[in-house]
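All remarks here apply to the structure that follows.
The values are calculated or read from the model by the stated rules, or taken from the named source; none is laboratory data. Only a predicted model underlies this, so the values are computations on that prediction, with no experimental measurement involved. Please note: Cβ atoms are built from the backbone with ideal geometry, for glycine as well, and neighbour counts cover all protein chains shown. The accessibility values were calculated without ligands, DNA or RNA, using every heavy atom of the protein model including side chains. Shrake-Rupley method; radii C 1.70, N 1.55, O 1.52, S 1.80 Å.
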Amino acid sequence: MRNSQDQAILDRARKFEAEALEEIFDTFSPGIYRYAFRLLGDTELARDCMAETFSRFLGALKHDSGPNDYLQAYLYRIAHNWITDYYRSKVPPSLPLDMQIRANPSDEPDQKVADEIENQQLRAALTLLTPEQRQVIVLKYLEDWENDAIARAVEKPIGAVKALQHRALGALRRILTRYEDFNL
Amino acid sequence: MSRVDDELDRYGKHLLAPLRETPPLDAQISTQEKARFLSQAEKLHKDLTTASKAAHTRQSRNIFDVFKRKQGIYFIKAMAITIVVLGILLGSSFTVYAAQSSLPGETLYAVKSLSEDVRLSLTTSSQDKLNLILDYTNRRADEINQLAASGKSLPDQTSKRYQSELESALQLAANMNDEQMQHALGQIKRQAERQGMTLEELITGLPAQAEPAVIHLQQRLQEQVSLSNLGEKDPQGFRLEMRARQHRPSSTSKITPASGNANPTDASGMPQPTDKQNDNGNGYGNQKPTQAPGHGGPDSGQGNQGNGKHTPEPTP
C-alpha cells in the first residue's frame, strides 16, 4: 500500500470507520501472521502476535498517536516488538534444539521431520541474533521487502540496513555451522 | 544492485529458505480475529464518544455554574465601577480643563502635571510623543515667564520637570531611525533656540538672586542645541552619547516628566550637577555634552556654551 493511500485510510481509521479498519485488517493480517509464524514456528503464537499487533494499533488510534503514513512498516514494527518481547520472556537457548535435534534423528528418516528440524535450528539461530539483525534479514530474505521499506520499518538509513543485513547473515552462518547437518 | 549485493541477496535467500514455507492463515481464524478487532474498535470508539460528550457536558456545566455563582458579584462590581468612572470623568474633566492654566505652586498645578503625564503615557507613536513633549517644554517656558512677570521665584520642581522633558525629547529622537531622527532633531533644535532666546530676554529683567536658576536652564537649552547638531552630523555618535547619558546618574533621561529623576538641588533651589566628569567647577557642570567615543572633531557636540551668555543662532 502506497504512502498516499496509507494516509487516506489512516485518516478514516482515526475516525474508527469500520470499513477502513476492515480493509487494513484484510490487507495486512496475512503478512503479519506469516511473519510471526516464520519467527515463532507456532500457529497459536503467530495468531496471538497478529491479534496483539492490531489491538496495539487500535490503542494507538485511541490515543491519537500511531502512524501518519507507511502503515505496513508500522504494523511490522509492532509485530517485531511483540516477537522480541516473547523471545526475551523465554529462557535463551544456549545450545538450542540440540537435544531435540540429536534426540534420535536417525530414528525419524522422514524428510518432513528433517525439514522441521532444520526449521527449528534456523529459528533458534535467529533468536540468537540481535532483534534488529533478525528483523532486517527476515524482512529482506523472507518477506521480500525492498531496503527502503525495511529502512522505514527499522527507522534507520538504508546504508545502516545493508550493513545490518551483512552482519546478520555472517552471524547466522557462524551459528548454523554448529549444526553439522545444516545445509549452508 | 551490485554484484556483491546480488550475491548477498542470493545467499540470504538460500540460508533462510527453510522458513519460507508457511501455513496460510486459516480463514476461520482470520474471520474470528477480524471480528474481535472490529468489535474492539467499536468499543473504543463508543468509549471515546461517551468520554468526549461527558467532558463537553462537564465543561458546559462548570461554565454555567461559575457564571451563576459569580454573575451577581460581577454585576454589582460592574455597576459600581461604572458609577465611579462616570463620576470621575464628569467631575474631573472640568478640573483638568481648569488646571491647564495653573502655574507652579498653585493647587491645581498637580492636576495639570498629572494630566500631562497621563496624556503622554497614552501616546504610542514616537513622533506624537515628541510633539507632546516639545509642547510641554513650551508650557514650562511660558510658566517661567509668567512666574517671573509676577515676581515669583522659579520652583525647583518646575526646573527639574523642564530639564527632564528636554532630555526625554533627545532620548526619543535617539531611538528613531535615521530619517525620523533628523527631522526630530531639527524640531528639538528650533524649539531649544526659541526657548533660549525667551530665557535670554527674561534674564535681563530678573533680580540678581533669581538669575542663576534661569541661566542654568538657558545653558541646558544650549546643550540641547549642541546635541541636536551632533545628531544631525553624526547619528551613531549621537545615539552612543544618549545611551551614555541614560546610564549616567546625573542625566535627566526619563520620558515621564513626573518621574523625579532630575538633578539634585542645593538649599537655594539651584540645580547641582552630580556627574563629576562634567563638573567644570562653576556649579553648572552639565553645560558641555560628553564626546561620544570616536567623535572628537572640533564640530562634534560643540555649541555656544561655557560663558553663561547665549548667542542665539538664526533659526533655519
Express the C-alpha Rg of the range B:159-250 as a ratio against the empirical globular expectation 2.2 N^0.38 Å, rounded to two decimals. 1.14
Hull volume in cubic angstrom per residue (convex hull over the Cα atoms of the range B:100-195): 84 Å³
Inter-part gap, Cα centre of the range B:116-146 to Cα centre of the range A:1-44, in whole angstrom, is 75 Å
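Please tell me the relative contact order of the range B:68-177 in percent, rounded to the nearest whole number, where contacts are Cα pairs under 8 Å and at least six residues apart.
Working: 49 pairs, mean separation 23.6, N = 110.
Contact order relative to length: 21 percent.
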Output row A,B: buried area (accessible, probe 1.4 Å, summed both chains) in Å², nearest hundred, equals 3400 Å²
Choose one answer from A:Gln133, A:Gln72, A:Gln111: the residue with the largest mean-square fluctuation in a GNM of chain A with alpha-carbon springs under 10 Å. A:Gln111
Rounded to the nearest Å, what's the spacing between the alpha carbon centres of the range A:52-79 and the range B:25-40? Just the number, please. 17 Å
Around A:Leu128 (Cβ within 11 Å, Cβ-to-Cβ, excluding A:Leu128; K/R +1, D/E -1) the net charge comes to +4
Need one value: the accessible area of B:His247 in square angstrom, 1.4 angstrom probe, rounded to the nearest 10. 140 Å²
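Which links in A:Lys90/A:Lys162; B:Lys160/B:Lys233; A:Lys162/B:Lys13 stretch past 19 Å when you go from one Cα to the other? Kindly include the intermediate steps, with their values, before the conclusion.
Numbers: A:Lys90/A:Lys162 29 Å; B:Lys160/B:Lys233 29 Å; A:Lys162/B:Lys13 15 Å.
Violating the 19 Å Cα-Cα cut-off are A:Lys90/A:Lys162; B:Lys160/B:Lys233.
With each run of n ≥ 4 DSSP H residues scored as -39500 (n - 2.57), what mean residue ellipticity at 222 nm is computed for chain A after dividing by its residue count and rounding to the nearest 500 deg cm²/dmol?
Calculated at 222 nm, the ellipticity per residue is -24000 deg cm²/dmol.
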Quick calc, B:Ala78 & A:Ser65: beta-carbon distance into FRET formula, R0 41 Å, rounding 0.05, result 0.35
Please go through the range A:115-164 and write out the GluC sites (Glu not before Pro) that DSSP classes as loop and that have at most 12 other C-beta atoms within 10 Å. A:Glu146, A:Glu155
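Charges at C-beta only: +1 for Lys and Arg, -1 for Asp and Glu. How large is the resulting dipole of the range A:131-184 about its Cα centre, in Debye rounded to 20?
On the way: 9 positive and 8 negative charges, 55 e Å.
It comes to approximately 260 debye.
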Report the residue, chosen from A:Ala125, A:Ala149, A:Ala79, that carries the largest GNM mean-square fluctuation when chain A is represented by alpha-carbon nodes joined by springs under 10 Å. A:Ala149
In Å², nearest 10: area of A:Asp144 left accessible to a 1.4 Å probe: 80 Å²
Out of A:Thr53, A:Thr84, A:Thr27, any idea which swings most in a Gaussian network model of chain A, alpha carbons joined below 10 Å? A:Thr27
Estimated D of the range B:10-61 in µm² per second, where Rh is the Kirkwood radius over Cα pairs and Stokes-Einstein applies at 4 °C, 1.567 mPa s: 85 µm²/s
Would you mind calculating the relative contact order of chain A from Cα pairs under 8 angstrom and at least 6 residues apart, reporting the percent as a whole number? 20 percent
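Could you work out how much longer the chain between B:Lys233 and B:Thr49 gets when fully extended? Use 0.36 nm per residue separation minus the Cα distance between them, nm to one decimal. Before the final figure, lay out each step's value.
Values: separation 184, 0.36 × 184 = 66.24 nm, distance 7.18 nm.
The span from B:Lys233 to B:Thr49 would gain 59.1 nm if fully extended.
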Residues of the range A:150-176 with amide N under 15 Å of a point placed 7 Å along Cα→Cβ from B:Val4: A:159-170
Per the Debye formula with a single identical scatterer at each Cα and no solvent contribution, what log10 I(q)/I(0) holds for chain A at q = 0.08, 0.12, 0.16, 0.17 Å⁻¹? -0.30, -0.63, -1.01, -1.10
Note down the nm distance, to one decimal, between modelled labels 7 Å out along Cα→Cβ at A:Asn81 and at A:Ala8. 2.9 nm
Take the alpha-carbon centre of the range A:156-176, take the same for the range B:160-177, and report the distance between them in whole Å. 74 Å
B:Met79 - accessible surface, heavy atoms, 1.4 Å probe, Å² rounded to 10: 90 Å²
